[in-house]
Amino acid sequence: MVQTVIFTLLLSCGLQFASSAKYEPTWDSLDGRPLPDWYDKAKVGIFLHWGVYSVPSFGSEWFWSHWESGDEKTVEFIKKNYPPDWTYQDFAQQFTAEFYDPFMWVNLFLKSGAKYIVLTSKHHEGYTLWPSKYSYSWNAKDVGPHLDLLGELAKRVKARGLHFGVYHSLFEWYHPLYLQDKANGWNSSNFVDTKIIPEMKELITTYKPEVLWSDGEWEAPDTYWKSKEFLAWLYNESPVKDVIVVNDRWGNDSLCTHGGFYTCSDRYNPGHLLPHKWENAMTVDKPSWGYRRNAVISDILTPHELITTLVETVSCGGNILINVGPTKEGTISPIFQERLMQLGSWLSLNGDAIYESKPWTAQNDTSPSPIWYTAKNETVYAIVLEWPSKNVVSLEHPDIITFFTQAKPTVTLLGDNKNKTLSSDSSDTQVTVTLPDKATVASEWAWVLKMVPTKSI
């Protein structure tokens with residue numbers, strides 16, 4: 001259990017001291033802040049990419065950039081469907097959100113089994129989903145739906161006991177102050193001083209999110225973004241200083257190195273245990289974060305693929321942030337709803353192996369079948385991703401053989417209402433567990449063996 005103990009200590013080394021700690025604007029100081037423990041316990045979050053790019057809903061959320069850079073498919077799409085003088089700003093009037101129902105969204109999120117929700121407050125296009133005074137006439141209150149979209153969702157999410165978070169892009173593709181600072185080789189910081197820092201503080205003080213998911217950092221160093229100074233304010237003075245978590249996207253020198261939890265890259269899934277808490281931010285629509293009208297069913301993760309990614313991530317100590325892109329009308333497409341509810345159905349049976357779990361000494365098994373492990377206290381869970389031949393699971397990792405030899409665990413199948421003890425047998429080379437007939441089992445996509453020691457190790 002050594003790895004499990006170490007990982008636990010890394011995440012919970014004295015949160016009672018966090019509120020009294022004073023953090024300096026240096027990475028040595030900021031990186032020493034413990035992550036609030038709610039985050040590691042939660043494991044599962046929902047990501048929502050929603051903005052003006054949801055109107056053309058073609059290609060991806062990078063539509064504007066692709067258009068300006070002359071991407072052939074994007075240019076042809078515009079030429080065929082819009083007048084010659086059409087601009088990206090013209091799309092904002094069609095971002096109507098007339099069917100936006102945050103109550104329905106939150107009900108879906110609850111059914112999915114997610115514990116935290118992260119909404120794009122502002123993507124690289126610069127359009128904000130709240131009435132920011134630092135984004136005059138380019139926000140959801142002034143143009144488009146004429147609503148505080150972010151505020152409405154924040155209120156509903158918090159009211160139902162979920163954690164609310166925001167994504168925020170540091171850079172904006174075509175903001176003149178940003179382009180001026182860039183042309184100056186980052187030796188000026190007018191964009192950061194007059195736009196970004198005040199905007200982030202407005203976002204934090206107004207909506208009090210528990211996640212700040214930064215992005216758009218990669219063109220400039222953290223010194224240009226004044227990230228360390230902002231994070232010191234966030235940890236020392238902000239109204240969410242004791243509960244907020246942040247990621248690692250604070251400059252072109254901070255990714256997978258500094259910050260709170262690490263993201264390292266989009267859809268990051270290393271397949272092995274990391275010494276630092278991390279998150280796999282990934283998409284149900286494989287090519288895109290934003291909604292696409294031209295998506296086809298083969299672009300969408302199957303329930304098995306989604307659950308496999310969840311299991312691999314959590315077994316290796318990560319959280320998973322599952323992205324779906326709402327439409328310009330404010331709906332979540334039926335295929336995304338179905339996938340989230342299928343995930344929730346699986347978690348309702350097997351969540352004991354996911355929520356508040358820790359990595360075990362082994363992350364996955366060496367047997368031919370894909371099997372991943374998690375642990376909670378002394379209990380070990382084996383998550384079987386493919387139903388075994390003749391209903392017999394073979395576990396071959398040396399650690400699981402030692403566990404059976406020393407702990408003599410009882411084995412049950414999560415989701416079995418009768419909680420029947422399964423037959424198991426161990427040898428020097430493997431452990432075998434006999435499952436019930438598949439037709440009698442509730443879970444459809446992956447099956448969890450719960451192994452509880454009867455003897456102390």
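Nothing in this text is a laboratory measurement; each read-out follows from the coordinates by a stated rule. None of these values were measured; they are calculated from a predicted model. All Cβ positions, glycine included, derive from the backbone under ideal geometry; neighbour counts span all protein chains shown.
Things to note:
- Compared with the alpha-carbon gap, the fully stretched path from Thr402 to Asn417 is longer by 2.5 nm at 0.36 nm per residue.
- Using the Cβ-Cβ distance between Asp142 and Glu338 with R0 set to 41 Å, the FRET efficiency works out to roughly 0.75.
- Residues whose amide H comes within less than 5 Å of that of Thr283, counting only those at least five positions distant or on another chain, are Asn323 (H built at 1.01 Å from N in the peptide plane).
- The stretch 232-273 and the stretch 356-424 have Cα centres spaced 32 Å apart.
- Counted charge near Asp352, where neighbours are those whose Cβ lies closer than 15 Å (Asp, Glu -1; Lys, Arg +1): +3
- Angstrom value of the Kirkwood radius, inverse mean 1/r, which spans all Cα pairs in the stretch 268-314: 12.1 Å
- Where a label projected 7 Å from the Cα of Tyr82 along Cα→Cβ would reach, residues of the stretch 322-359 with amide N under 18 Å: 327-329
- Alpha carbon centroid spacing (whole Å) that separates the stretch 136-158 from the stretch 79-125: 10 Å
- Here is the list for the stretch 120-194: chymotrypsin sites (Phe, Trp or Tyr not before Pro) lying in DSSP coil, each with at most 11 other C-beta atoms within 10 angstrom of its C-beta, are Tyr136.
- Nitroxide proxy distance, nm - points 7 Å out along Cα→Cβ at Thr223 and Lys41: 4.1 nm
- The relative contact order of the chain comes to 17 percent, based on Cα pairs under 8 Å that sit 6 or more residues apart.
- Here the stretch 2-353 is treated as a sphere whose radius is the Kirkwood value from Cα pairs; by Stokes-Einstein at 37 °C and 0.692 mPa s it diffuses with a coefficient of 158 µm²/s.
- With 22 Å as the limit, the listed pairs Lys208/Lys328; Lys22/Lys241; Lys73/Lys122 have Lys208/Lys328; Lys73/Lys122 beyond it between alpha carbons.
- Simple Cβ-charge dipole of the chain, Lys/Arg +1 and Asp/Glu -1, about Cα centre, in debye nearest 20: 1180 debye
- Taking every DSSP beta bridge that has both ends in the chain, the antiparallel portion is near 45%.
- Under the simplified labelling scheme, the Glu305-Val243 pair shows an inter-label distance of 3.6 nm, with each label point 7 Å from Cα along Cα→Cβ.
- Sparse-neighbour loop sites [trypsin sites (Lys or Arg not before Pro); the stretch 288-364; at most 13 other C-beta within 10 Å; DSSP]: Arg293
- Base-10 log of normalised Debye intensity for the stretch 213-255 (one unit scatterer per alpha-carbon) at q = 0.22, 0.33, 0.34 Å⁻¹: -0.70, -1.12, -1.15
- Proportion of all alpha-carbon pairs of the stretch 150-260 beyond 22 Å (%): 33 percent
- Relative contact order for the stretch 113-181, counting Cα pairs under 8 Å that sit 6 or more residues apart, in percent: 40 percent
- Taking each residue as 0.36 nm, the span from Asn236 to Cys256 lengthens on full extension beyond its C-alpha to C-alpha distance by 4.9 nm.
- Contour minus Cα-Cα distance for Ala442 and Asp266 (0.36 nm per residue): 60.0 nm
- Above 23 Å, the calculated P(r) of the stretch 327-451 contains 33 percent of its Cα-Cα pairs.
- Qualifying GluC sites (Glu not before Pro) for the stretch 204-255 [loop in DSSP, other Cβ within 10 Å: at most 15]: Glu219, Glu237
- At R0 = 22 Å, FRET efficiency that the Cβ-Cβ distance of Glu329 and Gln93 yields, to 0.05: 0.95
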